[in-house]
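One structure is given here, and the rest of the page talks about it.
FYI, it's all coordinate maths here, none of it is from the lab. Quick caveat: nothing in here was measured; it's all calculated off a predicted structure. So basically every Cβ, Gly included, is an ideal-geometry build from the backbone, and we count neighbours across all protein chains shown.
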Amino acid sequence: MYFKPKKIVFNSILKKVSFNIIKPHQENLNEKLITQLKKEIKEKGLLCPLVINTNNKLIDGHHRY
């Protein structure tokens, strides 16, 4: 079932940033998932962008990073 949101809670801006400015903060990564993601990204490309805040801190996409 799909629910259409009644309002947008926040505005998002997609923009390209240099990879080296991103600041990851998660240390416990699943190596098996990383291996699987590497294979899928090579085959299909990166389908979901990384999410960073205004301080360039990585919020979502630690394994893809």
| field | Within-10-Å neighbourhood charge of Leu50 [Cβ basis; K, R +1; D, E -1] | value | 0
| said: On a 21 Å Cα-Cα criterion, which of the cross-link pairs Lys16/Lys39; Lys15/Lys57; Lys15/Lys39 come out too long? | reply: Lys16/Lys39; Lys15/Lys39
| field | Using θ = phi - 60° and Karplus 6.51 cos²θ - 1.76 cosθ + 1.60, couplings along the range 39-44 (whole Hz; Gly, Pro as x) | value | 5, 5, 5, 4, 6, 10
| message | Using a 7 Å offset from the Cα along the Cα-to-Cβ direction at both Glu27 and Ile59, what is the distance between the two label points in nm, to one decimal? | response | 2.4 nm
